[in-house]
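Rule-based calculations on the coordinates, nothing more; no lab input. Computed from a predicted structure; not experimentally measured. Every residue, glycine among them, receives a Cβ derived from its backbone with ideal geometry; neighbour counts consider all protein chains shown.
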């Protein structure tokens, strides 16, 4: 019995030792795994911190914010960034050696070939100098040399050279994204300018003609209309700002509709607004709503006997604002719409529809294009979704208020015609609309404009 107990004791002891040994091995493996994971997370964190700075381009300010993250990423002595003219940022030690490296940097920026310098090649008089090796990597973006990346380390070897080159590739990628963003902004500005050019000369002529006709019959009304016209043109042709708030865009819509109703008559051009106050601060691309309203008036109602109604809606839809412009006018053949949309930039057909669609997709993504519902005799409804929050989308800061338009005498002319038809009258029977999902910051408000906007919101809730 004692031998049996002894054997059991030995076996139990061995089992405990085995379990403890396995536990120790697992703990060690876990520590190694955790160490690798922590290093990976730290590297990813540094990459994410450097990216937005580099995407601002190769400027001194952006480079000064980026180089500390790049140095921490490589755990090296120092990191420097240069443009074609010279050093713009240095983070770390041994900055006194940049003058020794300047000639090599010039060669790299000139011929686009990397260069490597050992400490032994330098005439260094600094005791305990941390530099042992420096790699200079050209920064090529779209085939053009923009500058160089300088990596200074306390060791040399193939591993450092490879790490420096990979870091150089990363910096080049971010700079390429910066140039892409700059190109997109230039394109967006050009598209806004193109949209301004599409604002109908007929509208400007007819608006001035309408104002002049009121000079004789109702001078006060003429003055108010002239103020609206001045503010409309000031907003539409402002030189800066790709974005504005929905509130400012709707103020401009109100000015436009005020002028058009004075021209056509309130009985021929009726307006309904359903505006949710909570979406008024949402930021939208400049000139995306008013051209849709102009499209509804010119192409939907101007050629309809008896006129019709334009309805503008802005609703809260969770993380998005849902904006729509609808008319009960003559409508349009969906096939013709697709054909005209394809050539919209060339023909100017349906004021800026393709322009607005492209800009919405460019700013917010391909899923944010326009959705058009129309058919012959069924009117038209154009809908857009706007995210309430989107990176990089900011309205133009508010500018000082403009002076009031002075009273200027205008020669009396004959009153304008009742309407100017842009399209032939359609006698088609009413039909169901066909839904087509197209595949292809603000001006200050005068007290009068603020009061008018409040009235519009009040009306929309009635």
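Worth pointing out:
- Subtracting the Cα-Cα distance of residue 305 and residue 42 from 0.36 nm times their residue separation leaves 87.7 nm of extension gain.
- Near-label residues of the range 89-112 by backbone N, under 15 Å of a point 7 Å along Cα→Cβ of residue 129: 93-104
- A Förster radius of 22 Å, combined with the Cβ-Cβ distance separating residue 61 from residue 166, puts the computed FRET efficiency at roughly 0.30.
- The stretch between residue 120 and residue 333 holds 68.8 nm of extra length on full extension. This uses 0.36 nm per residue minus the Cα-Cα distance.
- Straightening the chain between residue 84 and residue 154 buys 22.5 nm, computed as 0.36 nm per residue apart minus the Cα-Cα spacing.
- Diffusion coefficient, µm² s⁻¹, Stokes-Einstein with Kirkwood Rh over alpha-carbon pairs of the range 40-182 at 4 °C and 1.567 mPa s: 87
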